[in-house]
Amino acid sequence: MLYHLFESQRAILAPFAELAQASSKLLTHPLSPLSMTMAAPRMAAAFQVLNRVAKDYVKPRFEITEVHAAGRDVAVFEKLALEKPFCRLLHFQRLSEDVQTLQALKTQPRVLIVAPLSGHHSTLLRDTVRTMLRDHDVYITDWVDARMVPLDSGPFSLDDYVHYIQEFIRFLGADQIHVMSVCQPTVPVLAAVSLMASSGEATPRSMIMMGGPIDARHTPTAVNDLAVGKSIEWFENNVIHSVPQNFPGAGRRVYPGFLQHTGFVAMNPNRHLTSHYDYFKDLVRGDESSAESHRKFYDEYNAVLDLPAEFYLDTIRVVFQDFDLVNKRWKVAGQLVRPQDITRTALLTVEGELDDIAGPGQTHAAHDLCEGMAAKNKQRYDVMGAGHYGIFSGRRWREHVYPVITDFIAGLQPKAAPAATVAPATEAAPKAAAKPVVKAAPAPVTAAAAAALAPAKAVVKKAPTIAAPKVTAPKAAAPKIAAPKSAVVKPAEAKVAPKAAPAPALTPAEPKAVAQPVVPPAAQTVAKAAPATVAPAPAQAAAPVDLVSAAQAAEPVAVKPQVAQPVAAQTAAKPSAAPKKPA
């Protein structure tokens with residue numbers, strides 16, 4: 001009945017909230033005559049406060065469209081990875097047009113953030129997600145408002161919550177992710193990983209627990225006192241109500257969001273009254289920046305969701321009243337939860353010094369339960385001066401907590417093996433170049449072949465700096481001689497490699513008074529268009545060279561001899577065979 005009365009009140013106040021908003025705009029619009037009156041600023045501010053008190057708050061959006069990652073700004077797209085009746089697994093996919101940046105993003109650690117199912121939407125962790133996206137591939141659990149889930153989808157208990165977490169971990173790859181839980185989900189996450197370890201399944205690389213009631217007996221807060229001071233029957237009879245008919249989940253028993261919001265405000269009523277009064281003064285002064293900060297915070301804080309009754313009552317009993325986890329008697333679907341079975345997962349716990357939701361010591365208690373972990377895989381961190389929200393949102397989160405989490409995750413990532421350097425196919429391998437040159441067996445040669453052999457001998461004896469080849473062959477293509485290592489002569493028709501391996505150059509030979517044909521300009525142009533290129537030498541012993549055949553294959557077309565002029569023989573490491581002396 002209470003839920004129906006609340007919905008009736010909301011329907012009645014809705015038009016008044018809109019009227020207050022319209023009146024505020026009328027009093028502040030520069031073209032309105034009313035905006036020039038003395039009382040206009042105060043009246044407009046009062047209408048604005050009235051609008052925010054009476055309006056209905058819907059689930060906000062994450063609105064994360066861009067982050068700075070891998071050294072540049074990259075686009076972020078919110079993508080549905082997996083959908084269940086009571087939860088949606090969201091993936092914040094980062095994309096870039098730069099190939100190197102995209103490859104760097106793919107190698108970053110994968111993190112599953114388990115948002116709390118405790119009244120607020122997962123967008124409460126907007127700052128957490130935005131910051132984590134700098135160096136991680138982020139997924140988050142987006143819990144569905146119970147009043148939006150049809151009754152035929154069945155109940156949702158604390159055991160179902162644990163099974164959801166297990167399914168998400170398996171879906172993302174248990175041995176490849178880090179699970180980060182904030183507040184309420186620390187308990188079911190520890191149970192989920194414990195059950196997986198007990199069954200011999202792969203477990204996450206790490207668990208990062210922040211401000212959660214692992215052992216609510218440490219430093220009890222107002223939340224703990226309320227849970228312990230009332231019986232389960234009291235909670236079931238006073239805070240559990242049925243969803244009205246105007247929602248898809250009509251008839252489902254829930255813990256309504258408006259009751260949770262009332263409880264949140266009742267914990268610090270003076271703080272909220274002061275905040276709204278400051279908002280009023282900011283509007284009067286025209287301090288739009290401060291006013292916008294107030295609106296953003298309360299747009300998130302006032303947007304609440306309904307919890308399934310089964311899940312809420314189980315949490316009160318197991319976590320806050322019977323302490324079944326720390327007493328080692330909690331069973332999920334008949335299987336005992338044994339945190340001591342976790343051996344391959346590291347643990348980091350984070351607490352706030354001034355946390356008024358999960359008191360100091362409640363989260364660090366997980367270290368005592370995880371007895372099977374090595375001491376080097378356990379780490380705890382206390383945030384000085386931080387309250388509950390300060391450990392996952394705001395300046396302290398970004399400047400103090402996040403660097404600790406980043407270093408913790410990075411230390412658990414597998415070390416990448418150094419990539420082997422592969423030489424291009426057109427270059428000789430370094431080892432092959434370092435081996436001694438195998439000399440070819442002697443063979444009968446002609447005078448022309450002997451002239452071709454003379455430069456090759458110079459290669460073996462001296463190796464000065466590389467000189468650019470100057471081809472003097474006429475029309476016929478000169479045969480290519482292999483690298484000094486193999487001394488194999490290859491015909492000019494062989495496939496030209498795109499890039500020649502560096503090799504020792506010939507010492508310029510002394511000019512001899514031997515008549516040599518002068519190459520016509522046309523022939524020089526042709527020869528320069530297709531320079532001889534050194535082919536890669538095979539890493540094996542060289543076969544005997546038939547220099548007679550090579551010299552015959554390279555015999556040039558007869559050219560009318562002219563006046564002989566000494567020409568400096570500047571040939572490359574792979575010289576072409578010298579042409580025969582014209583008859």
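Among residues of segment 22-42 that are over 18 Å from residue 285 (Cβ atoms), those with a Cβ under 7 angstrom from a residue that is open to solvent by less than 30 Å² (accessible area, probe 1.4 Å), sequence gap 6+ or separate chain, pair up as 26/32; 34/27; 34/40. Here the condition is being over 15 Å from the mean Cα position of the chain (by Cα), free of Cβ contacts under 8 Å to residues at least 40 places away in the same chain and open to solvent by 10 Å² or more (accessible area, probe 1.4 Å); of 78, 97, it holds for 97 alone. When residue 406 is tested against (1) in contact with an Asp or Glu (Cβ under 6 Å, 6 or more places away or on another chain); (2) closer than 29 Å to residue 104 by Cα; (3) open to solvent by 40 Å² or more (accessible area, probe 1.4 Å), just one condition goes unmet, and that condition is (3).
Conditions (1) farther than 27 Å from residue 258 by Cα; (2) among the aliphatic types (A, V, I, L, M), marked per residue:
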site: 15; (1), (2): no, no
site: 21; (1), (2): no, no
site: 35; (1), (2): yes, no
site: 40; (1), (2): yes, yes
site: 45; (1), (2): no, yes
site: 54; (1), (2): no, yes
site: 61; (1), (2): no, no
site: 65; (1), (2): yes, no
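Of the residues making up segment 340-356, at least one is closer than 15 Å to residue 206 by Cβ and open to solvent by 60 Å² or more (accessible area, probe 1.4 Å). Whether a residue is open to solvent by 30 Å² or more (accessible area, probe 1.4 Å), more than 33 Å from the chain's Cα centre (by Cα) and not polar (S, T, N, Q) was assessed, and residue 314 passes this test. Note on segment 280-302: residues that are within 19 Å of residue 25 (Cβ to Cβ), without any contact (Cβ under 8 Å) to a residue 40 or more places away in the chain and in a helix (DSSP H, G or I) amount to 6.
Where helices (runs of 4 or more DSSP H) fall entirely within segment 140-254, those with at least 2 residues that are out of contact with any Asp or Glu (no Cβ under 9 Å at 6 or more places or on another chain), within 21 Å of residue 312 (Cβ to Cβ) and open to solvent by less than 20 Å² (accessible area, probe 1.4 Å) are at 158-172, 186-198, 222-229.
Every test in (1) open to solvent by 10 Å² or more (accessible area, probe 1.4 Å); (2) closer than 23 Å to residue 410 by Cα is passed by residue 115 save one, and that test is (1).
In the set 375, 386, 366, which member is within 17 Å of residue 221 (Cα to Cα) and hydrophobic (A, V, I, L, M, F, W, C)?
Working: 375 fails: within 17 Å of residue 221 (Cα to Cα); 366 fails: within 17 Å of residue 221 (Cα to Cα).
The match here is 386.
Go through segment 1-23 and report how many residues are more than 18 Å from residue 252 (Cα to Cα) and surrounded by 14 or more Cβ atoms within 10 Å (Cβ to Cβ). Final tally of qualifying residues: 7.
Kindly check whether there is at least one residue in segment 37-57 that is over 21 Å from residue 278 (Cα atoms) and not in a loop (DSSP other than H, G, I, E, B).
Start the filter on segment 37-57 by keeping residues that are over 21 Å from residue 278 (Cα atoms), which leaves 37, 56.
Then keep just the ones that are not in a loop (DSSP other than H, G, I, E, B); that gives none.
There is no residue in segment 37-57 that is over 21 Å from residue 278 (Cα atoms) and not in a loop (DSSP other than H, G, I, E, B).
Mind checking which residues of segment 127-139 are outside any loop (DSSP other than H, G, I, E, B) and open to solvent by less than 10 Å² (accessible area, probe 1.4 Å)? Across segment 127-139, the qualifying residues are 128, 129, 131, 132, 138. Just give me the residues in segment 329-343 being of a type outside the set (D, E, K, R) and either touching a residue at least 12 places away in the same chain (Cβ under 8 Å) or outside any loop (DSSP other than H, G, I, E, B) (or both), in sequence order. Result: 330, 332, 333, 335, 336, 337, 339, 340, 342, 343. Given the criteria modelled with pLDDT of 95 or more and either open to solvent by 10 Å² or more (accessible area, probe 1.4 Å) or over 25 Å from residue 252 (Cβ atoms) (or both), does residue 297 qualify? No: the conditions fail for residue 297.
The values are calculated or read from the model by the stated rules, or taken from the named source; none is laboratory data. All values derive from a computational prediction rather than experimental measurement. Every residue, glycine as well, gets a Cβ built from its backbone with ideal geometry; the counts of neighbours run over all protein chains shown. Accessible surface is based on the protein model in full, side chains and every heavy atom, while ligands, DNA and RNA are left aside. Shrake-Rupley method; radii C 1.70, N 1.55, O 1.52, S 1.80 Å.
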